[in-house]
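Engineer: Please find one structure pasted underneath; my questions will follow.
Where a number appears in this text, it was derived from the coordinates with a stated rule and is not lab data. Quantities reported herein were computed from a predicted structural model and do not represent experimental measurements. Cβ: placed from backbone, ideal geometry, glycine included. Neighbour counts: every protein chain shown.
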Amino acid sequence: MARTNADAFEYVYGEIDNTSLIALMSLINPNSSTIFYDLGSGVGKAVLMCAMVFDLKKACGIELFPLLHDAAQQQLTALSTDQAYHHTAKKIEFICASFLDIDFSDATLIFISATGLFGDTWVALNQRLEQLPNAPIIITTTKKLLSSKFTIHRITRVQMSWGIVDAYIQQNTTDQPL
């Protein structure tokens, strides 16, 4: 298993439904200047789907677990061999590391499936998000960000692999409005 010797509730894995993901992202209207990050990207589904549907500048997934990361890399390799998506594949990157250790300060749109994030990890991630220079749009599922610096612009419901949850579209509006 991908999570051998790393058993904690924070490592629960689940995915957003394809239709829900695209509908959710359509509320933001990603475009050719959008730099998208999925923090805790698993097998890369959200990154790949968004890059294939929207003309993004960059799509990047950060995943802690090597086996999940490897599965995402395999999907990216397969995508790059498809002539219709060859150019799109060049804009996609997967990083195997903790999102707490990686610089994603160029992000303009961030997706976080936050269901299993809590405690020190959730607090540390929220602190990092507060410090981002570009005031990216941040979408979280299940719960909103902790800081009052973030304004919730919309709450909607999305289908996940385990059920329906709230999705929060937020932004640090102390610097720049949505």
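Engineer: Assuming a viscosity of 1.567 mPa s and a temperature of 4 °C, what translational diffusion coefficient in µm² per second does Stokes-Einstein assign to the range 36-96, Rh being the Kirkwood radius over Cα pairs? Each step should come with its number before you reach the end.
Structural biologist: Values: Rh = 11.0 Å.
This corresponds to a translational diffusion coefficient of 118 µm²/s.
Engineer: Once phi is turned into θ = phi - 60°, what whole-Hz ³J(HN,Hα) does the Karplus curve with 6.51, -1.76 and 1.60 give for every residue of the range 28-44, x standing for Gly and Pro?
Structural biologist: 8, 6, x, 9, 5, 9, 6, 10, 9, 10, 10, 8, x, 7, x, 7, x
Engineer: Percent relative contact order of the chain, based on C-alpha pairs within less than 8 angstrom and at least six residues apart? Intermediate values should be presented prior to the final figure.
Structural biologist: Numbers: 327 pairs, mean separation 36.9, N = 178.
Over the chain, the number comes to 21 percent.
Engineer: Under a straight-distance cross-link criterion of Cα-Cα below 20 Å, which lysines are reachable from residue 57, leaving out those fewer than 8 residues away in the same chain?
Structural biologist: 45, 90, 91
Engineer: Got a sec? How would 69, 87 order by Cβ neighbour count within 10 Å, fewest to most?
Structural biologist: Working: 69 22, 87 10.
Arranged by neighbour count, lowest to highest, 69, 87 become 87, 69.
Engineer: Here's something else I'd like to know. With P(r) over Cα pairs in 10 Å bins from 0, in percent in mind, check (i) 10, 34, 34, 13, 5, 3, 1, 0; (ii) 10, 35, 33, 19, 2; (iii) 10, 40, 39, 11, 0 and report the label derived from this structure.
Structural biologist: Matching entry in (i) 10, 34, 34, 13, 5, 3, 1, 0; (ii) 10, 35, 33, 19, 2; (iii) 10, 40, 39, 11, 0: (iii).
Engineer: A follow-up question, please. Please order 41, 33, 98, 20 by the number of other Cβ within 10 Å, starting at the fewest.
Structural biologist: On the way: 41 26, 33 10, 98 15, 20 19.
Lowest count first: 33, 98, 20, 41.
Engineer: I've got another one for you. Would you mind calculating the gained length between residue 77 and residue 53 on full extension (0.36 nm times residue separation, minus the Cα-Cα distance), in nm to one decimal?
Structural biologist: Working: separation 24, 0.36 × 24 = 8.64 nm, distance 1.76 nm.
Gain on stretching residue 77 to residue 53: 6.9 nm.
Engineer: May I ask you to sort 86, 153 by Cβ crowding, counting other Cβ atoms within 10 Å and putting the fewest first? Don't skip to the end; give the middle numbers.
Structural biologist: Numbers: 86 11, 153 15.
Final ranking by Cβ density, sparse to dense: 86, 153.
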